[in-house]
Each structure stands twice: as structure tokens, then as C-alpha cells.
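The block underneath contains the structure these notes are about, expressed in C-alpha cells.
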Amino acid sequence: MTCSESPWRATILTLFPDMFPGPLGVSLAGKALASGLWALEARDIRASATDRHRSVDDTPAGGGPGMVLRADVLAAAIDAADTGQSGPNDRPRLLMSPRGRPLTQSRVAELAAGPGPLIVCGRFEGIDERVIAARELEEVSIGDYVLSGGEVAAMVLVDACVRLLPGVMGKHASGTEESFSEGLLEYPQYTRPQEFEGRTIPEILVSGDHAKVAAWRQAEAEALTRARRPDLWAIKARQKRPKSTTDG
Ligand code: SAH
């Protein structure tokens, strides 16, 4: 880094710090990590355990299967991460959780624009409810399915943020035209060869007419979104209505 400001940083609280950087250490995110465009800190929740056995979990109150991450241990881990750093303490504190608000590209863009989040990764049956309230954790889900732990979910979130950081993607424009950025899915992409197993690239894309190409892409993006994601299309249609009655 040439500037004096500290780079965007993700702090991960996990029982398995060895899982990081994992996939975040290769390709786009990995090169950016190596060159200091962002920073990653994986902290072991178990380091905050206080008893002889370094236990971090216990049986659920009220009975039932599995184990629950203890509130006191997790709170101590969060507090240690908050005080042990030079950066600002008002960073978003997230908890990866299937009960959370589904992650969207707009939330990703907000997180990428900030100092970088502290992310708690759950394990077992989840974590004691009281620490969510006491440390004001924002629950974030990556989809309606259940993972065995929050680490992979945290990697998804960090990967999505990192590619939006200044200097990470070669051409900055590639972040503004892709799926979800305009509330639409992305138009189809093609590259050489001109013919593949009898299928050719749409004529318009090789015409050199930029206005026609743009119009074709817009129409394709709209058709795809309407067919595959009626939920997104309904939002788009609502946004369009007050502005104009003409098609565009
Ligand atoms: N018993 C819990 C699931 C626990 S899964 C329930 O029914 O809600 C164990 C951990 O994996 C969770 O604490 C969370 O951190 C992570 N996890 C599982 N599914 C996830 C998802 N869809 N999004 C984000 N995190 C998830």
C-alpha cells in the first residue's frame, strides 16, 4: 500500500482458523491479498476459552440434539478482536446464519465501501442467542440451505466484497455491468471461436455497432431476468413505473 490509510480488512472469528485464507488466497482475491489491497485476520474462538479443557460449547438449554457455542466465550473473542486492532471499532459485526437476512449485491457493495467487517462463524447447532443481542451481531445468510459451519459462508461474503475493492478487478467497469448491479441478470457472453459445434456468435455482437450491441444486451438481460427471476423482475418493474411510460 502506498497510502497511509489501512486497507479494507476482514476479521474472522472461527474454531477453524486453518481454513483461511483457503480459496481467498488464490486468483483475484489472493493476488490482491498478497499485494496489500486488503487484509485478512482469522482468529481462533478457542483462544478465548477459560476452563481447563478449553471448551467453547455446551448442551442446549431445554434439551435437544447437538451443542451450542457459549455466549461468554464468544463475547470474549469478539471483544479481544475489537480491542486488539489499530483500525476503527465501529466496523460491521456480522454473524453468518441461515436465519439472517439474505446477502445481496447491494449489501456486499456497502460492506466493500466500509472498513471491512468482523465476521463470526457459527458451528454445531449455532450460538447462544444472548451474545447476538449483547454484541449487536447482524445475522447474514447466504441462502436457504444449512451449512455445517459459517466459514464457507464467510468466504462467500468476503470474496464478493474483495472483488469490488478499488484496484482488485482489472477494469473497474466490470463490476457495474454484471448480474444484480442494475437489478437484472447479466446478458449472455461469447468469445472466439466464431463457430462452436455449429453454433455461431449472434450476428449483432460482431457487427461493430455499439449502440445495437448495447440494446441487444439490455433486451437479453431483461428477458433472462423475467424468465428466471420473476422476483427480481417485479422489483425492477416497480422501480421503472414512476419514471417513464416508454420502453427502455
Ligand atoms: N441449527 C441451526 C443451523 C446451524 S449450522 C439452524 O437451524 O438455524 C452451523 C453454522 O453454520 C451456523 O451457526 C452458521 O454460522 C453457519 N451456516 C449454516 N447455514 C448457513 C447459511 N445458509 N448462511 C450463513 N451461514 C450458515
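Here, each number is a calculation from the coordinates, and none is a lab measurement. These numbers come from a predicted model, not from an experiment. Ideal geometry is used to build each Cβ from the backbone, glycine not excepted, and the neighbour counts take in all protein chains shown.
Going by C-beta contacts inside 10 Å, put Met155, Met67 in order with the fewest on the left.
Numbers: Met155 23, Met67 15.
Going from sparsest to densest Cβ surroundings: Met67, Met155.
D for segment 177-240, whole µm²/s, Stokes-Einstein with Kirkwood Rh over alpha-carbon pairs at 37 °C and 0.692 mPa s: what number? Please list the in-between numbers first.
Working: Rh = 12.9 Å.
The Stokes-Einstein estimate is 254 µm²/s.
Treating only the Cβ of Lys, Arg, Asp and Glu as charged (+1, +1, -1, -1), what charge dipole size does segment 177-240 show about its Cα centre? Round to the nearest 20 debye. Present the calculation step by step, with values, prior to reporting the outcome.
Details: 10 positive and 11 negative charges, 64 e Å.
It comes to approximately 300 debye.
Whose amide H sits under 5 Å from the amide H of Val120, counting only residues 5 or more places off or on another chain, with H placed in the peptide plane?
Those lying under 5 Å, H to H, from Val120 are Leu13, Leu94, Leu95, Met96.
P(r) of the chain in 10 Å steps, Cα pairs, percent per bin?
Spelled out bin by bin, the chain gives 6, 24, 28, 21, 13, 6, 1, 0 percent.
I want the local charge near Ala221. Using Cβ-Cβ distances under 12 Å, sum +1 for each Lys or Arg and -1 for each Asp or Glu among the other residues.
Within the 12 Å Cβ shell, the charges total -1.
Could you list the trypsin sites (Lys or Arg not before Pro) in segment 1-52 that lie in coil according to DSSP, counting only those with at most 12 other Cβ atoms within 10 Å of their Cβ? Before the final figure, lay out each step's value.
Numbers: sites: Arg9, Lys31, Arg43, Arg46, Arg52; in loops: Arg52.
Here the sparse-neighbourhood loop sites are Arg52.
Out of segment 97-175, which trypsin sites (Lys or Arg not before Pro) are coil in DSSP terms and have no more than 12 other C-beta atoms within 10 Å?
Working: sites: Arg99, Arg107, Arg123, Arg130, Arg135, Arg163, Lys171; in loops: Arg123, Arg135, Arg163, Lys171.
Those satisfying the criteria are Lys171.
In deg cm²/dmol and to the nearest 500, what is the mean residue ellipticity at 222 nm of the chain if only DSSP H runs of at least 4 residues count, each as -39500 (n - 2.57), divided by the residue total?
Working: 7 runs with 79 residues, N = 248.
It comes out at -9500 deg cm²/dmol, rounded to the nearest 500.
Of all GluC sites (Glu not before Pro) in segment 55-147, which ones are in loop regions per DSSP and have a Cβ with at most 12 other Cβ atoms within 10 Å? Walk me through the numbers on the way to the answer.
Values: sites: Glu110, Glu125, Glu129, Glu136, Glu138, Glu139; in loops: Glu125, Glu136.
Here the GluC sites (Glu not before Pro) that fit, given the DSSP loop and packing criteria, are Glu136.
Express in whole angstrom the spacing between the alpha-carbon centres of segment 122-201 and segment 1-64.
Centre-to-centre distance over Cα atoms comes out at 18 Å.
Run the dipole for the chain about the Cα centre, Lys and Arg Cβ at +1, Asp and Glu Cβ at -1, nothing else charged, and hand back the magnitude in debye, nearest 20.
For the chain, the charge dipole is close to 460 debye.
Got a sec? Charge dipole of segment 8-162, +1 on Cβ for Lys and Arg, -1 for Asp and Glu; which of Ala80, Gly25, Val146 is way out at the positive end?
Of Ala80, Gly25, Val146, it is Gly25.
Of Gly64, Gly183, Gly149, which has the largest mean-square fluctuation in a 10 Å C-alpha GNM of the chain?
Gly64
How many nm separate the modelled label positions at Asp58 and Asp82, each set 7 Å beyond the Cα in the direction of the Cβ?
Label at Asp58, label at Asp82, 2.2 nm between them.
Excluding residues fewer than 8 places away in the same chain, name every one of the aspartates and glutamates whose C-alpha is closer than 13 Å to that of Lys212.
Cα-Cα hits under 13 Å: Glu203, Glu220.
If I build a Gaussian network model for the chain, linking alpha-carbon pairs within less than 10 angstrom, which residue out of Gln105, Gln194, Gln218 has the largest mean-square fluctuation?
Among Gln105, Gln194, Gln218, the largest GNM mean-square fluctuation belongs to Gln194.
So if each residue of separation counts as 0.36 nm, and I subtract the Cα-Cα distance between Glu203 and Ser35, what length gain in nm does that give?
That pair, Glu203 and Ser35, stretches by 56.4 nm at full extension.
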